[in-house]
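Notes for the one structure printed next.
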Amino acid sequence: MNEVYMIAGGVTKFAKAHPEKSFQVLVKEAFDYALGDVGMETKDIDGSVSSYFSDHFLRQLMGGAMVQDYLGLCPKPGHRVEGGGATGGLGFQAAWREIASGRMKCCAALGWETMAHVNTWKGNEFIALASDTNFDYPVGGFYTGYYAMMAVRHMHEFRTTPEQFAMVSVKNHKNAEHNPYAQYPGTYTVKEVRSAPMVSYPLTLLDICTMSEGAAVALLCDKDTAFSFAKRPVRITGVGTGTDAMRMADRPHGEVMLLPHEKKSDYAHLKYPGVHSFRAGRAASRMAYEQADIKNPLEELDFVELHDAYTSSEIQTYEDMGLCRYGEGGPFVETGAPFMPKVRYGLEFTGEQGVVPVNPSGGLLACGHPVGATGLMQSVFALWQLQGTVGKHFRDDSLQLKDPRRGAIHSHAGTGTYVAVSVLERGW
Amino acid sequence: MSKKIQKKAGKSPPRRPTSRNRTETLRPALEKALRRMPKAKPAKRAQGVGTVSAGNLRGKVRLPETEDGNSAFRIPFPKDLAHLDGMSPLVIRWHYEMEYLHSYAQDSPFFAGLANGRLLGTRCIHCRYTFATPKGHCMRCGEKTRWIELPLKGKVHSWTTCYFGSQEFLKETPFNLVLVEFEGADTLLLSRLVGVGQDGIAVGMEVKAQFRRNAKLLASDVYFVPA
Ligand SMILES: [Zn+2]
């Protein structure tokens with residue numbers, strides 16, 4: 001298997017709607033930005049992977065082929081990858097496979113979503129079609145409702161509080177104030193998050209990401225190509241994917257899948273995953289960590305960009321990824337560990353702030369969630385973080401971590417049906 | 001494909017033993033068939049139907065003007081084409097509607113059960129894993145399952161109250177979603193809980209099934225109320 005590197009990326013501004021640009025033009029903007037960053041030309045790209053979620057939103061089949069021709073990539077290889085909310089992360093991994101297999105020297109992962117062609121409530125209906133349409137959707141198909149039930153069970157099982165969920169919202173919206181690509185940066189208090197309109201108990205409007213339009217592109221290369229174009233290529237050392245049953249009702253109540261630093265006795269009475277945890281997230285993390293030789297993620301990761309479509313799912317994901325034990329996600333956020341070390345949040349912590357920053361970019365909650373672009377956006381922000389080029393690309397270096405060596409990206413679909421986790425580290 | 005990969009892939013499959021190669025065999029037959037192809041004909045002059053000469057027909061043939069769809073009158077257009085790039089985008093309404101013939105296939109008995117006031121699950125004939133939301137084959141061991149009747153009483157495993165929803169259900173808000181656990185079943189059932197507000201629901205609360213009198217043949221034909 002060949003070593004795989006990421007050398008450049010581009011992201012468009014995420015916004016509620018971009019009626020002045022078609023999806024092809026959005027992708028081209030991100031693509032040209034990525035090429036320009038390393039002085040590459042279209043001829044240097046061997047093929048692509050198109051990453052977008054919904055034919056319903058686009059009302060166009062084969063959108064990937066239309067992006068391929070618009071970018072001038074025909075007749076090179078290209079195909080579409082789709083996996084709900086994890087589409088972007090899976091697209092990133094599909095591009096990784098093109099390089100790892102030796103089929104391509106340089107592959108462009110092209111992600112986008114256009115979600116404003118229908119109103120928000122119709123959009124929620126489209127998204128709910130990503131639940132079982134015989135047994136789940138007709139009961140009242142609504143994704144926030146599904147995640148809310150998982151949050152309620154997490155609260156029941158581990159005594160997690162809605163205020164702890166709200167701290168995630170405060171963190172991610174605040175981080176995004178220094179990210180010019182983000183859709184909804186903002187300064188909030190826990191009280192403001194809790195008193196925002198309730199969408200599905202316990203999740204308020206500020207606990208939930210919004211629909212968005214935008215594109216993100218990642219350029220992945222083999223070693224020779226990487227070093228001939230980039231001074232600071234980032235190496236992809238772990239690529240993990242996990243799955244779980246589509247219907248939450250079908251999730252088993254068995255034993256925890258352990259990470260190397262955990263013991264069976266840590267979870268003597270926990271029935272797993274039930275609906276309180278994402279087994280797919282644990283499976284994906286475990287596979288990625290094994291490849292990257294990570295024994296204890298808290299000690300060995302410098303930051304994580306994870307899929308915070310809901311504040312509750314960020315807390316659940318700390319546990320799946322092994323940053324803390326199952327059940328400790330709520331207290332973990334109170335320690336201050338997942339916050340940025342230098343940003344002022346107006347919160348009090350029980351421990352050191354910024355031990356392992358999670359969603360330094362602001363995540364989905366504040367950046368927006370144009371589904372097919374999101375996982376690739378995470379890879380681009382992780383690349384810039386590792387390269388130390390956040391200041392250059394954001395024109396503001398407030399979010400640049402000091403000397404990060406290794407980070408993880410985590411992309412998640414449909415109440416945890418598909419999860420993709422990839423580990424990126426300094427390659428030079 | 002790069003040469004590197006082909007080399008790594010190992011030996012190519014053995015060639016089929018033939019006395020002459022396929023190209024040589026095929027060529028004479030192909031030549032014969034090519035000679036039979038119709039000759040190219042010279043282009044005809046346009047005569048009404050077919051290629052239309054706009055000049056001749058102007059004022060005689062028109063698309064009918066209809067009142068449906070988008071009706072636009074006097075869309076602004078600059079004299080100077082250099083100004084076109086700054087034009088604000090045109091956004092149109094585009095209706096889309098469809099009707100499916102959707103089969104419940106092997107799950108049909110579940111819906112027939114609801115229409116008759118019965119709640120059905122399935123149980124694996126091999127490992128006895130029991131699904132409160134039916135599955136035709138066992139997720140654990142792959143064997144076929146058989147139908148069983150579920151108790152009409154259960155407990156709330158988790159719940160939420162939705163104050164917003166997707167378009168189809170927006171008019172029904174606020175409504176409660178519950179995952180119900182049953183004695184003797186390994187998995188849960190997603191349903192609605194009615195007759196109680198957010199403050200009256202808790203994990204572990206006992207609930208009982210009720211059925212719509214006029215079945216719609218949807219999973220929502222069953223719902224739960226506090227027991
Ligand atoms: Zn079985």
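FYI, it's all coordinate maths here, none of it is from the lab. It should be emphasised that the depicted structure is a prediction, and the values quoted were computed from it without experimental measurement. Glycine also receives a Cβ, built like all others from the backbone with ideal geometry; neighbour counts cover every protein chain displayed.
Overview of values
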| item | result |
| --- | --- |
| Restricting region A:329-428 to GluC sites (Glu not before Pro) in coil, as DSSP defines it, with at most 12 other Cβ within 10 Å | A:GLU348, A:GLU352 |
| Ordering of A:118-124, A:82-88 by packing [mean C-beta count within 10 Å, highest first] | A:82-88, A:118-124 |
| Top positive-direction residue, dipole computed over region B:107-226 with Cβ charges, set B:LEU177, B:THR160, B:ALA219 | B:ALA219 |
| Share antiparallel - DSSP beta bridges, chain A, percent rounded to 5 | 75 |
| Helix axis angle, B:22-35 relative to chain B longest principal axis, alpha carbon, degrees | 60 |
| Region A:372-428: trypsin sites (Lys or Arg not before Pro) in DSSP loop, at most 15 other beta carbons within 10 Å | A:ARG395, A:LYS402, A:ARG405 |
| Distance (nanometres) between label positions extended 7 Å along Cα→Cβ at A:CYS74 and B:HIS83 | 3.5 |
| Charge dipole (debye, nearest 20) of the protein assembly as shown; +1 at Cβ of Lys and Arg, -1 at Cβ of Asp and Glu | 3440 |
| Shielding of A:122-132 by partner chains, average beta-carbon count, 10 Å | 3 |
| Eligible lysines near B:LYS41 by straight Cα distance, threshold 29 Å, same-chain separation 8 or greater | B:LYS32 |
| Residues of type lysines that A:LYS105 reaches as a straight line, Cα spacing below 21 Å, ignoring anything fewer than 8 places off in the same chain | A:LYS28, A:LYS43, A:LYS76, A:LYS223, A:LYS231, B:LYS3, B:LYS4, B:LYS7, B:LYS8 |
| Shielding by partners, peptide B:152-159 (average Cβ within 10 angstrom, other chains) | 4 |
| Theoretical FRET efficiency, 1/(1+(r/R0)^6), r = Cβ-Cβ of B:SER108 and B:LEU30, R0 35 Å, to 0.05 | 0.05 |
| Options A:LEU364, A:PHE332, A:ALA215, ranked by Cα towards positive dipole end of chain A, top entry (Cβ charges) | A:ALA215 |
| Within region B:107-226, percent of DSSP bridges classed antiparallel, to nearest 5 | 95 |
| For region B:54-168, size of Cβ-based charge dipole, Lys and Arg +1, Asp and Glu -1, in debye | 600 |
| Dipole magnitude of region B:107-226, debye to nearest 20 (Cβ charges: Lys/Arg +1, Asp/Glu -1, about Cα centre) | 340 |
| Burial order of peptide ranges A:194-202, B:20-28, A:34-42 (average beta-carbon count within 10 Å, highest first) | A:194-202, A:34-42, B:20-28 |
| Average projection area in nm² (convex hull over Cα atoms of region B:107-226, one quarter of hull surface) | 7.6 |
| Ranked by how many other beta carbons lie within 10 Å on average, peptides A:151-157, A:308-314 from highest | A:308-314, A:151-157 |
| Per-residue mean of C-beta atoms belonging to partner chains within 10 Å, peptide B:218-225 | 3 |
| Lysines whose Cα lies under 28 Å from that of B:LYS135, excluding same-chain neighbours fewer than 8 positions away | A:LYS271, B:LYS144, B:LYS153, B:LYS155, B:LYS208, B:LYS216 |
| Signed unit charges on C-beta, dipole axis of chain A, positive-most listed residue A:GLY238, A:HIS412, A:VAL275 | A:GLY238 |
